[in-house]
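Coordinate-derived values only; no laboratory data. These numbers come from a predicted model, not from an experiment. Counting neighbours? That spans all protein chains shown, and the Cβs are built from the backbone with ideal geometry, glycine included.
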Amino acid sequence: MSRRILRLLLTAVVALYSAPASAQFARIAEIPGQADRNEAWAPGITVQAANGDVLAFLLEYGEWTNFNTFPPQGTPAHLKLVRTTDGGTTWSAPVELREGHSANGPQGIGVPQVVVQPSGRIVLTFWYMFSPAPAYSAGVEIWASDDHGATWTKAGNKPKDTVSLALSSEGHLVSVDWRDDPVTFESELWTTTSADGGATWGSDAKIPGVNPLCGGAHLSVDGDAGDWVVAFQQCGSPSSIGVMRSADKGVTWSAVMTVGTTTARFGASPTIVQLADGTMWLTYLDGPVIVTRTSADGGATWSGTTAWTGGTDATRDLNPRCAPSTLGPICSFGSRRAGTNFKPFVGIAGTSLDPLIAGTSTESADVPAGFSLEQNYPNPFNPSTRIRFDLRETGLVSLTLHDALGRTVRVLDAGMRTAGTHEVQVQADGLPSGVYVYRLQSGAEAVSRTMTLLR
């Protein structure tokens, strides 16, 4: 390859990675202080409050204590809230929002859903069993907070089971409800809206053609067009992930578009979110691995599959539930990666939720005047080099390494970093000779440089 062609190629790669990107950060963290038992993997959900805090709503099932009675007895479920102000580095102590009925055992509370309205109000819904057998009275409770989740008030009730909650382009609540056909007993998806924060709800509308369902569903609203886009899991061998779109707020729907398959027969938990730049992220479980696809045209076409986690049957991940944020998609899920039992984790998504942190970072207390990335030294290098960068304010940082084709080969540094000068030692173990691009991003700022590895 001539030097001129190589320079043109490197110029193109640097230009690609110098453009601001909304979801290049990769971080994963266990949420501490939770029960260590198999039932603790129950799906929760995360959301970013208007003040920037990330809130994780955790559904912690109880445990069965006596199967010889009817109904069987057990300790109640708990819905808890924890918060992080530093991107998952530290978490608050859990705050209990709701305890299940003591006679209902572990299943007294169902999966929570949450949205943040333009006013900053957080609206939370969850299924709740009000009385045990033989009455089995249950429904959806709607709670609201106007102070970023510090305090909560009950805003209403809803009879149908909400499996997804979104905001329309007008700021109204859009609920996707799961129900069974009374004749065929097949599962169906319906939508309904509320213009008053959940106090009252409009008429229902069925989403046609989604049977048979083998898992949850999730709806997102295309911020550019106002269209509704819903993703769901359909039964089959293998099961498939379908997407449908409505341009008239749920009155009519497009045909089902199959965008992928999954080896998870049930509970692939597809979620679909849209970031501020318009990119849609579709996330679901494929066996023990969380995967994602992206769409730049409101769900009309989708990229290939990218694995976010590298779970195995022994360290598997379960039930990813994702939401948009200024940090990128944030996902809560259960995982065995910290031991034999499932515990709750949260990930701030990027090219991988399990980054290979290949560098060793140090920092200086001096606060620089600006945001900058220095040329690595030595360069060319073998087998190690160092990279220095300056941050004028504390924030989430990702320093990534890419080959000449633009593929991410290493995450050199990632996490919350204080204002000041930082230095990362980079080891070239496992990398072939060649020219690489290293890219620094913090918030909306990004800069890239090139380095050369000579073997």
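Odds and ends about this structure:
- When you count the other C-beta atoms within 10 angstrom of each residue and take the mean per peptide, 243-255, 401-413, 164-176 line up highest first as 164-176, 401-413, 243-255.
- Cα gyration tensor shape for segment 27-348, rounded if a/c is under 1.5, else prolate or oblate: rounded
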